[in-house]
1. Among the residues of region 72-113 satisfying the criterion of being among the polar types (S, T, N, Q) and under 18 Å from the mean Cα position of the chain (by Cα), which is nearest to residue 310 (Cα to Cα)?
2. Report whether or not residue 129 is among the acidic types (Asp, Glu) and touching a Leu at 6+ places or on another chain (Cβ under 7 Å).
3. Please state which one of 35, 73 is modelled with pLDDT under 95 and of a type in the set (Ser, Thr, Tyr).
4. Hey, does region 36-53 have a residue that's open to solvent by 10 Å² or more (accessible area, probe 1.4 Å), farther than 24 Å from residue 94 by Cβ and either assigned to a loop (DSSP other than H, G, I, E, B) or in contact (Cβ under 8 Å) with a residue 24 or more places away in the chain (or both)?
5. For a quick check of your reading of the model, give me the residue pairs whose first member lies in region 297-314 and is open to solvent by 10 Å² or more (accessible area, probe 1.4 Å), whose second is small (Gly, Ala, Ser), with beta-carbon atoms closer than 7 Å and at least 6 apart or on different chains.
6. Given the criteria in a helix (DSSP H, G or I), β-branched (Val, Ile, Thr), at pLDDT 95 or above and open to solvent by 20 Å² or more (accessible area, probe 1.4 Å), does residue 80 qualify?
7. Would you confirm, using the coordinates I've provided, whether residue 107 is within 30 Å of residue 245 (Cβ to Cβ) and either acidic (Asp, Glu) or exposed (fewer than 15 other Cβ atoms within 10 Å of the Cβ) (or both)?
Amino acid sequence: MLRSIQHKKIAPEGYVYATYGHPKYLKHAIASVVSLRRYDEDRPVALVCEEKQKRILEENGLAGIFDIIHIMSPERASIVGFKHNIHDYLFFEKNLFLDSDIIWCKDPDSLWQSLKPYSFTITGTQVSDNFFGGPKNIGILSDILLRRRQRTLNHFGLTYLSRVQTGMIYAEDYNLTKKVSELAGKMLDRKNETHFRSRTLEKGRSEESCEWSMAMAMSKLNIPVYPWLQGHNSPQLDYISDFTSHDPDFEYVVCTYYCDELVYNLRGLKVKWIRNLLKGFFSLWPGKGDYLKTTPYCLHFGWYHQKQPFFEFAERTWNQLTKNIEQVKQSSKVFKQNR
């Protein structure tokens with residue numbers, strides 16, 4: 001579709017966002033880029049969007065926020081539609097694909113350096129747990145007892161399954177990226193042969209996930225994930241209000257990071273007293289309660305019940321930008337009238 005892009009790269013390194021559907025997602029992408037520009041003023045940013053989003057940008061004088069605006073075809077306007085076809089959007093020699101609900105917290109130069117050994121990778125953990133692509137409630141017990149995860153691996157000839165978090169995808173090799181994308185699509189088509197559940201069954205989710213299919217494709221092709229839990233060098237950490245200190249505009253961000261992965265994974269429990277009880281129990285073992293304070297490269301608002309602070313920041317950013325544009329227009333109008 002966009003094979004010509006592969007022959008003419010626009011820059012050595014760059015960021016790629018995608019938005020479609022409700023205009024609020026465009027506001028989210030803009031807010032993310034505003035946070036990025038606090039630390040990186042040089043690398044270009046591409047936006048893949050629907051025609052209506054482009055019109056909104058132009059009508060509000062905000063198209064200049066993005067260095068490239070590319071219109072996606074209607075059939076690509078979904079999570080799997082875009083992320084299972086990212087090989088068609090390699091605008092730069094090295095591309096960092098980002099979800100729009102991300103806030104940048106520090107200079108990404110060293111992150112780019114750490115990605116150099118990879119031709120393609122996705123942030124994640126080497127081994128996925130049973131919750132990955134499975135039920136997020138007591139129903140997980142049947143998956144565990146019936147060994148459904150292992151049966152899926154055996155059925156597809158896989159020896160391992162990583163946990164990928166596709167809020168951050170790195171790609172520079174077109175052919176390898178295309179292999180992953182196309183194989184992930186085939187895996188999704190065979191969903192009925194797996195133990196994975198549709199993400200649309202989760203509260204607040206209306207689209208199918210691309211993550212387990214991409215994880216299976218990477219396992220089949222033996223492509224390593226980029227570790228997303230690296231202490232001070234973590235590329236992205238989840239926003240959890242009880243674990244994050246920040247000002248309203250996220251210019252100051254410090255996360256509590258438990259060094260033991262099992263204890264850190266308790267962050268997703270909604271009931272605070274249960275989380276604290278389990279944390280206290282595991283902390284009885286030496287090292288399990290160790291934690292550090294750190295600022296990740298990115299803060300990801302992936303948990304549905306934790307998104308409100310990001311929504312407020314995105315709306316405030318949008319209002320400020322459009323207000324400034326309107327003031328410029330009014331000043332220009334007065335200047336012309338007085339000539």
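1. Applying the filter and picking the extreme gives 100.
2. Criteria not met by residue 129.
3. Details: 35 fails: modelled with pLDDT under 95.
Just one listed residue meets the conditions, 73.
4. For region 36-53, residues open to solvent by 10 Å² or more (accessible area, probe 1.4 Å), farther than 24 Å from residue 94 by Cβ and either assigned to a loop (DSSP other than H, G, I, E, B) or in contact (Cβ under 8 Å) with a residue 24 or more places away in the chain (or both): present.
5. 302/167; 303/268; 304/204; 306/241
6. So residue 80 does not fit the description; no.
7. Yes, satisfied.
Quick grid of which residues meet (1) open to solvent by 60 Å² or more (accessible area, probe 1.4 Å); (2) among the aliphatic types (A, V, I, L, M):
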position: 194; (1), (2): no, no
position: 211; (1), (2): no, no
position: 214; (1), (2): no, yes
position: 231; (1), (2): no, no
position: 240; (1), (2): no, yes
position: 250; (1), (2): no, no
position: 264; (1), (2): no, no
position: 276; (1), (2): yes, no
position: 279; (1), (2): no, no
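The values are calculated or read from the model by the stated rules, or taken from the named source; none is laboratory data. No experiment lies behind these values; they were computed from the predicted model shown. Neighbour counts run over all protein chains shown; Cβ positions are idealised from the backbone, glycine included. The protein model used for the area step is the full one, side chains on, heavy atoms only, and it has no ligands, DNA or RNA in it. Shrake-Rupley method; radii C 1.70, N 1.55, O 1.52, S 1.80 Å.
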